[in-house]
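Chemist: Pasting a structure here, questions to come.
The values are calculated or read from the model by the stated rules, or taken from the named source; none is laboratory data. Treat the numbers as computed from the prediction; the structure is a model and nothing was measured. FYI the Cβ positions are ideal-geometry reconstructions off the backbone, even for glycines, and counts take in every protein chain you see. Quick note on the areas: whole protein, heavy atoms, side chains included, nothing else; ligands and nucleic acids left out. Shrake-Rupley method; radii C 1.70, N 1.55, O 1.52, S 1.80 Å.
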Amino acid sequence: MSYEEKLEEFNRRVEAGDKVEASDWMPDDYRRGVLKFIEMHANSEIMGALPERECLPKAPTLKRKMSLAAKIQDEIGHAQLLYRVAEDLGKSRTAMYEDLLAGESKFHNVFHYPVHHWGDVAVIGWLIDGAALVTQAALLDSSYAPYTRVLKRICSEEQLHLRHGEHITLQLASGTDYQREMFQEALNRWWLPIIHFFGPRSNVAKDLLLHWKVKTRTNEDLRQEFLDRYVPKVTELGFSFPTPVPRLKGDAWVVAAEDIDWAPLDAIKKNRGPETQRRLSRRRAVYDSHRWVREALSEPAVHAA
Amino acid sequence: MEVYEIFRRSGHKNPFEHCGAVIAPDPEMALLLGKECFLRRREGEHLWAVRRSDIHALEDESVLEIAADKSYRFASDYRDVVDKREAARRRVASMSWGGAS
């Protein structure tokens with residue numbers, strides 16, 4: 001079969017809802033696109049552990065500290081699963097780690113921001129994990145089957161994280177004025193990054209990942225689901241939103257397009273976010289100090305002595 | 001370093017199921033990494049690690065397609081037992097009338 005014939009058959013298969021396995025023939029653009037997408041997801045899991053790691057010493061009780069540490073371990077575990085799936089598409093884990101450190105590959109916008117206090121843990125655990133779960137649940141039906149299999153595990157653990165984050169939020173919401181202010185102050189800082197999290201409006205005509213059903217829904221569709229699901233819950237707790245303020249239109253919670261300032265996201269895409277360089281250097285320090293582990297793993301016999 | 005496929009069994013009544021893969025230098029490390037990746041919450045009570053290169057897979061999945069109509073191999077082909085049972089009952093009923101004469 002010629003490349004064109006293979007491509008045509010591939011398109012037909014995917015269009016019909018067939019799933020693609022690592023060993024199947026796939027167009028180069030599909031392989032590259034899926035690899036880049038999963039690599040960014042993996043990078044985000046690993047970089048997402050850092051802000052929460054910074055919050056560990058701020059845990060108010062030992063139990064909160066233990067549960068947050070367990071959650072961080074889960075996030076690193078997600079990265080391991082995702083890197084493994086990405087590796088089977090033809091890029092080594094070392095190359096992915098090094099591209100991340102060199103700024104050649106990306107990680108999610110929300111992990112480019114600083115954390116200040118325990119209120120951040122509540123917002124991250126509830127609203128950012130909530131946003132992540134909306135996007136990840138939409139990927140469970142992705143055309144790339146190995147990705148959907150690890151996402152099943154990731155989503156079930158994210159459900160737990162969401163519950164954990166909501167638990168922390170409700171404790172602050174039902175606590176002292178100071179505790180309520182902690183949540184509100186954190187929400188004020190995180191709201192715009194959360195809106196950005198879903199990305200700008202999808203270009204359906206140009207987006208190959210949508211075309212090949214690697215992604216199944218558009219950015220604005222996912223953002224809308226998040227708003228409809230979470231805005232009422234936040235409002236019910238007596239908290240308010242900064243710009244872009246969601247407003248009820250019919251039965252949907254809508255943020256006006258002109259209220260969204262995209263400049264911070266554009267800066268982050270160029271790795272010029274508020275915390276980008278500090279987080280990357282933290283990641284680099286960990287990567288370097290753990291070099292001996294990788295060496296011991298790759299040649300156990302040499303290092304056993 | 002090699003790819004190891006990881007399988008876990010969630011109870012004695014269940015078969016081992018594939019749950020993912022890890023990269024490891026030897027089977028011992030593969031089991032350790034497999035446990036950390038896939039069994040942090042007691043999702044199983046036993047674990048296997050198998051070198052990917054030791055797995056023999058079908059080269060052509062189309063051989064699994066059933067060549068001819070073999071519907072008689074499936075329970076769904078016998079769904080009309082309800083009608084059949086009814087017909088048999090009617091038949092027996094007609095016999096007992098006949099037997100009384």
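Chemist: Could you work out the longest stretch of chain B that avoids the GluC sites (Glu not before Pro) located in DSSP loops with at most 11 other Cβ atoms within 10 Å? Could you put the intermediate results ahead of the total?
Modeler: Values: sites that count: B:E59, B:E65.
That gives B:1-58 as the longest site-free run.
Chemist: Report, in deg cm²/dmol and to the nearest 500, the calculated mean residue ellipticity at 222 nm for chain A, where each DSSP H run with n ≥ 4 adds -39500 (n - 2.57) and the sum is divided by the residue count.
Modeler: Working: 14 runs with 198 residues, N = 305.
For chain A, the value works out to -21000 deg cm²/dmol.
Chemist: So what's the projected area for region B:2-54, the Cα convex hull averaged over all directions, in nm²?
Modeler: Values: hull surface 13.1 nm².
Hull-based average projected area comes out at 3.3 nm².
Chemist: Here is a further query. Please give the direction-averaged projected area of the C-alpha convex hull for chain B, in square nanometres with one decimal. Intermediate results must be reported in sequence, preceding the final value.
Modeler: Working: hull surface 49.2 nm².
The orientation-averaged projected area of the Cα hull of chain B comes to 12.3 nm².
Chemist: Can you check what the net charge comes to around B:D77, using other residues whose Cβ is under 13 Å from the Cβ of B:D77 (Lys, Arg +1; Asp, Glu -1)?
Modeler: Neighbourhood net charge equals +2.
Chemist: What value, in deg cm²/dmol to 500, does the helix sum -39500 (n - 2.57) over DSSP H runs of n ≥ 4 give at 222 nm once divided by the residues of chain B? Don't skip to the answer; put the middle values down first.
Modeler: Numbers: 2 runs with 32 residues, N = 101.
Roughly -10500 deg cm²/dmol at 222 nm, from the helical runs in chain B.
Chemist: Length gain on complete extension for the stretch B:E45 to B:S76, per 0.36 nm per residue less the alpha carbon to alpha carbon distance? Before the final figure, lay out the partial values.
Modeler: Values: separation 31, 0.36 × 31 = 11.16 nm, distance 3.53 nm.
Gain on stretching B:E45 to B:S76: 7.6 nm.
Chemist: Starting from region A:48-157, pick out the GluC sites (Glu not before Pro) whose DSSP state is loop and whose Cβ has at most 12 other Cβ atoms within 10 Å.
Modeler: A:E104
Chemist: Going down the table (A:K63/A:K152; A:K206/A:K270; A:K19/A:K106; A:K65/A:K152; A:K19/B:K70), which pairs top 30 Å between alpha carbons?
Modeler: Numbers: A:K63/A:K152 27 Å; A:K206/A:K270 21 Å; A:K19/A:K106 26 Å; A:K65/A:K152 26 Å; A:K19/B:K70 26 Å.
Where the Cα-Cα span goes over 30 Å, no listed pair is concerned, since all stay within it.
Chemist: Once you treat every alpha carbon in region A:183-282 as an equal point and sum by Debye, what is log10 I(q)/I(0) at q = 0.21 Å⁻¹?
Modeler: -1.17
Chemist: Let me ask something else. Around A:W118, with a cut-off of 9 angstrom between Cβ atoms, what is the net charge of the other residues, counting Lys and Arg +1 and Asp and Glu -1?
Modeler: Details: positive: A:K58, A:R64; negative: A:D120.
My count for the surroundings of A:W118 gives +1.
Chemist: Normalised by the residues of region A:119-229, what does the relative contact order come to in percent, with Cα pairs under 8 Å and at least six apart?
Modeler: 38
Chemist: OK, next. Quick one: check the C-alpha center-to-center distance for region B:1-72 versus region A:180-244, whole angstrom.
Modeler: The two parts, judged by their Cα centres, are 37 Å apart.
Chemist: What Kirkwood hydrodynamic radius, in Å, does the protein assembly as shown give when the mean of 1/r is taken over all pairs of distinct Cα atoms and then inverted? Write out the running numbers ahead of the final one.
Modeler: Numbers: mean 1/r = 0.0408 Å⁻¹.
After inverting the mean inverse Cα-Cα distance, the result is 24.5 Å.
Chemist: Provide the net charge surrounding A:G165, with neighbours chosen by a C-beta distance below 12 Å and charges set as Lys +1, Arg +1, Asp -1, Glu -1.
Modeler: Working: positive: A:R64, A:K71, A:R163, A:K233; negative: A:E52, A:D120, A:D129, A:E158, A:E166.
It works out to a net charge of -1.
Chemist: Which order do A:L162, A:L100 take by accessible area at a 1.4 Å probe, largest first?
Modeler: Details: A:L162 25, A:L100 0 Å².
Ranking A:L162, A:L100 by accessible area, largest first, yields A:L162, A:L100.
Chemist: With every protein chain kept in the model, how would you rank A:H161, A:H108 by accessible area, 1.4 Å probe, largest at the top? Numbers along the way, then the final one.
Modeler: Working: A:H161 5, A:H108 55 Å².
Ranked from most to least accessible, the order is A:H108, A:H161.
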